[in-house]
Amino acid sequence: MESRAENIVGRKSVPVRSREFFVEVFCKQRNYNGEHICGDVFRVKRIKTENRMIIVLSDGMGHGVKANVMATLTSSFALNFTEEHKDFEKIADIIMNTLPVNAETSTSYSTFTIVDIDFAGSVKVMEYDNPHALILRSFEELDIPWSKLVMDTERNKGKVLKMATFIPRNGDRIIFGSDGIVQSGLGILNNNVGWPIEKVKGYVLQLMMNNPDISANELAQKVVNQAHRNDGYVSKDDMSCVSIYFRNPRECMICTGPPYDKSRDVEYVQALKNFKGEKIICGGTTAKIIAKYLNLNIETDRNAAVDPDLPPLHIMPGIGIVTEGILTLTKVCNLLERGGSSSIATDAGPAGRIVSIIHESDMVHFLVGTSLNSAHQDPDLPVELEIRRTVVRRIAKLLDEVLMKDVKITYY
């Protein structure tokens, strides 16, 4: 996350598998002009044990550090209490009673939107004073009832909470943001209304019609970019847009190391051949086995970027990329550790290409052969085998815990 003023800030996508679809979540933010910290806070948590995900966007009053502190407290409370299945009115009351009171207005103020996705059932959207969340299906807003809850507690009497529940379908989207989006353009060229949510909806629907498969990342980015244009490229408030996309999963397979038992070579090759997503081979011996059984040629990719630390990329018909094994995987792991949540690899070589494919995938499958390479085998210790297993496990842990990908490792 970059902290320089006026930089677009992207937050990681968080895909979670259900029976029918994945959920891609992205938040794009732009700071108030001149501020180094955003007053809006975005949080997301995957709860594996419940097959559930909670997304929160909070907008602290004002901008800068004080706004960020209030929004951070709010988002933390909202996330934790929602995880505990507390009643929404209770969550809101605790939040508003706990926040520091503004000395000028004598109010504790931080707006929020909570999306609670239960993959065994429904999606619940809850909001307090944030712009109305758009729930879109088949190029139109989904017609579902929104209930209003008027709080009756002493300190928060009369404040209104809004809630909606729906059963998601593949292709559905949820778009919501902070005031900086809907108030963008206010006061410019006699604009007295800003960018009302109905116009935001029209803009989003047009983007979807032009590109029905537009990613959550790109859609959120375009909304924030348009709001920034509305403000004459001088942001008058913190801007955040959260885009949630229920879609078909994207998958990749990384195949590394030959099987321990040669009798399983055919099974190993067939698993790669029958895979429908992106295919990556890491290892010269592995590539030769696959090329032999599939009767394919391996050629050096002379147009690919060169990494002085690694052997060059190779290509094989029907396979995305073919690379060297242990060294390349080790660099993939290092790149992920340096910038695990970045959507763009900072390295253009073979390892960087693999990282880019990983970032674009929701599920990452590893086929890991456990045969030893005689060229590198220590007579006393199967070092290469242990290195391969260790590196794959390190990568898998990063993908699971940092990038929140679904990971499957199969040993042969």
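The values are calculated or read from the model by the stated rules, or taken from the named source; none is laboratory data. These numbers were taken from a predicted model, which means no experiment stands behind them. All Cβ positions, even for glycine, are placed from backbone atoms using ideal geometry, and neighbour counts span all protein chains on display. When the accessible area is computed, the model is the full protein with side chains, heavy atoms only, and any ligands, DNA or RNA have been set aside. Shrake-Rupley method; radii C 1.70, N 1.55, O 1.52, S 1.80 Å.
Relative contact order of the range 106-216: what whole-number percent is it, with Cα pairs under 8 angstrom and at least 6 residues apart?
Working: 144 pairs, mean separation 26.0, N = 111.
About 23 percent, as a whole number.
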For the chain, with a Gaussian network of springs between Cα atoms less than 10 Å apart, report the residue from PRO196, PRO317, PRO350 with the top mean-square fluctuation. PRO317
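Evaluate Rg over Rh across the range 262-336, taking Cα atoms for both radii and Kirkwood's formula for Rh. Can you show the working numbers first?
Numbers: Rg = 12.7 Å, Rh = 13.1 Å.
Across the range 262-336, the Cα-based Rg/Rh ratio is 0.97.
State the percentage of accessible surface on the range 66-183 attributable to carbon and sulfur atoms; use a 1.4 Å probe and exclude ligands, DNA and RNA. Don't jump to the answer; show the numbers that get you there.
Values: 2740 of 5430 Å².
With neighbouring chains kept in place, the figure for the range 66-183 is 50 percent.
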Provide the packing ranking of 231-237, 322-328, i.e. peptides ordered by the mean count of other C-beta atoms within 10 Å per residue, highest first. 322-328, 231-237
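From the Cα trace of the range 112-268, what convex hull volume per residue do you get, rounded to a whole Å³?
Working: hull volume 32.4 nm³, N = 157.
Taking only Cα atoms, the range 112-268 has a hull volume of 206 Å³ per residue.
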Placed amide H near GLY177: partners under 5 Å, 5+ positions off or other chain: VAL242
Using the Karplus curve 6.51 cos²θ - 1.76 cosθ + 1.60 with θ = phi - 60°, work out ³J(HN,Hα) for each residue of the range 132-147 in order, rounded to whole Hz, and write x for Gly and Pro. 4, 6, 8, 10, 10, 8, 6, 6, 8, 6, 5, 8, 10, x, 10, 8
Filtered hits (lysines, Cα-Cα < 22 Å from LYS86, offset >= 8 within chain) -> LYS45, LYS48, LYS124, LYS148, LYS157, LYS159, LYS162
Of ILE37, ILE214, ILE357, the most mobile residue in a GNM of the chain (C-alpha springs, cutoff 10 Å) is ILE214
What are the ³J(HN,Hα) couplings of the range 319-328, residue after residue, when phi is run through the Karplus curve with 6.51, -1.76, 1.60 and θ = phi - 60°? Round to Hz, x for glycine and proline. 10, x, 9, 10, 10, 4, x, 4, 4, 5
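Using a Förster distance of 25 angstrom, determine the FRET efficiency expected from the C-beta separation of ALA305 and LEU207, and round it to 0.05. Walk me through the numbers on the way to the answer.
Details: r = 32 Å, r/R0 = 1.26.
Computed FRET efficiency for ALA305 and LEU207 comes out at 0.20.
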Taking amide H atoms as placed 1.01 Å from N in the peptide plane, list the residues 5 or more away in sequence, or in a different chain, whose amide H sits under 5 Å from that of SER371. TYR260
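For the chain, what is the calculated [θ] at 222 nm in deg cm²/dmol (nearest 500), taking -39500 (n - 2.57) for each run of four or more DSSP H residues and dividing by its residue count?
Values: 10 runs with 127 residues, N = 412.
Calculated mean residue ellipticity at 222 nm is -9500 deg cm²/dmol.
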Here the relative contact order (percent) of the range 211-345, from C-alpha pairs under 8 Å and at least 6 apart, is 18 percent
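Computed FRET efficiency, Cβ-Cβ of THR390 and ASN248, R0 35 Å: what is it to the nearest 0.05?
Details: r = 33 Å, r/R0 = 0.94.
With R0 = 35 Å, the Cβ-Cβ based efficiency is 0.60.
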Most fluctuating residue given options VAL182, VAL193, VAL391, as computed from a GNM of the chain linking Cα atoms under 10 Å: VAL193
Amide H to amide H under 5 Å from LEU142: which residues, 5+ apart in sequence or cross-chain, H placed 1.01 Å off N in plane? ILE135, LEU136, ARG137
Normalised by the number of residues in the range 205-245, what is the relative contact order in percent for Cα pairs under 8 Å and 6+ residues apart? 45 percent
At 4 °C and 1.567 mPa s, grab the translational diffusion coefficient of the range 197-296 from Stokes-Einstein with a Kirkwood Rh over Cα pairs, rounded to a whole number in µm² per second. 74 µm²/s
Karplus 3J(HN,Hα) series, Hz, for the range 50-66 with 6.51 cos²θ - 1.76 cosθ + 1.60 (x for Gly, Pro): 10, 6, 9, 9, 10, 10, 9, 10, 10, 10, x, 5, x, 7, x, 4, 4
Straight-distance crosslink candidates among aspartates and glutamates, where the alpha carbon sits under 20 Å from LYS331 and sequence neighbours closer than 8 are dropped: GLU278, ASP301, ASP307, ASP309, ASP347, GLU360, GLU384, GLU386, ASP400, GLU401
